[in-house]
Amino acid sequence: MHLDPLAILTAFGLIFLAELPDKTMFASLAMGTRMRPLYVWFGTSSAFIVHVAIAVGAGSLIGLLPDWIVKLVSASLFAFGAFMLLRNGGGDDEEEGGTRTVTGFWPVYSTAFMAVFISEWGDLTQITTANLAASNGTWSTAIGSAAALMSVSALALLAGQFIAKRVPLKTVQRIGGVCMLGLAIWTVVEIFVG
C-alpha cells in the first residue's frame with residue numbers, strides 16, 4: 001500500500017469543495033438541529049465511507065442503478081424528512097415532544113446513514129472519487145475523499161448546533177422542513193433535467 005500525500009491532498013481539496021454546496025451538506029445541517037450531532041456524524045460518516053469504498057473499488061457499480069430511481073428514492077426521503085420537521089414545527093405544546101421524535105444512537109445513526117447513503121449514489125463526489133482513484137491511486141484517494149466528506153458533514157453539524165442554540169426550536173424545525181422540502185423538489189427536478 002503506497003500513500004501519496006499529494007494525491008490525498010488533491011482528493012481532499014476537490015471533494016471538499018464539491019461537497020460544500022451539495023444537498024447532503026444541507027441535510028446534515030437540518031438533521032443536526034433535530035438530533036444529536038455526534039450520532040448524526042457517525043451515520044453520515046459511515047455512509048460516506050461506504051460510498052468512497054464503492055467508488056474507489058468499483059466505480060462502475062454506479063451505472064447498475066438507473067439514475068432516476070436513485071433520485072426518486074432520495075427525493076422521497078427528503079420529502080419525508082420535510083414532513084416530519086414541518087409537522088412537528090407547529091404549536092407550542094409540541095416543542096417539548098418534538099425534541100423526542102428521533103432519539104437514541106441507533107435511530108439517529110440509521111436515519112443519517114440512509115439519508116446520505118441513498119442520496120449520494122451517482123453524486124458528483126462519488127464520480128470524482130472514482131475518477132481520482134483511477135489516476136491517483138486507490139488508498140490515497142480513499143483517505144482524502146473520506147476525510148473531505150466527513151469534514152463537510154462535521155462543519156454542517158456544527159453550524160446546525162450553532163443555529164439551534166440561538167433560534168427557537170419551532171423556527172429551526174420550520175426552516176429545516178422547508179430546506180428538506182426544497183431538497184426533495186431539487187432532486188425531482190434533477191430527474192427531468194439531468
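The values are calculated or read from the model by the stated rules, or taken from the named source; none is laboratory data. As the structure is a prediction and not an experimental result, all values here were calculated from the model. Ideal geometry is used to build each Cβ from the backbone, glycine not excepted, and the neighbour counts take in all protein chains shown. Heads up: the accessible areas ignore ligands, DNA and RNA and are worked out on the full protein's heavy atoms, side chains in. Shrake-Rupley method; radii C 1.70, N 1.55, O 1.52, S 1.80 Å.
General remarks:
- Within the range 1-38, considering residues that are under 10 Å from the mean Cα position of the chain (by Cα) and acidic (Asp, Glu), the one least open to solvent (accessible area, probe 1.4 Å): Glu19
- Selection status of Trp139, at pLDDT 75 or above, over 25 Å from Leu17 (Cβ atoms), among the aromatic types (Phe, Trp, Tyr) and surrounded by fewer than 17 Cβ atoms within 10 Å (Cβ to Cβ): no
- Annotation: Pro168 fulfils all but one of (1) within 21 Å of the chain's Cα centre (by Cα); (2) farther than 23 Å from Leu6 by Cα; (3) open to solvent by 50 Å² or more (accessible area, probe 1.4 Å); the unmet one is (1).
- Within the range 1-60, if we keep just the residues that are under 30 Å from Lys170 (Cβ atoms) and not in a helix (DSSP H, G or I), the residue that is modelled with the highest pLDDT turns out to be Arg36.
- Filter pass, Phe162 being in a helix (DSSP H, G or I), open to solvent by 10 Å² or more (accessible area, probe 1.4 Å), within 13 Å of His51 (Cβ to Cβ) and among the aromatic types (Phe, Trp, Tyr): no
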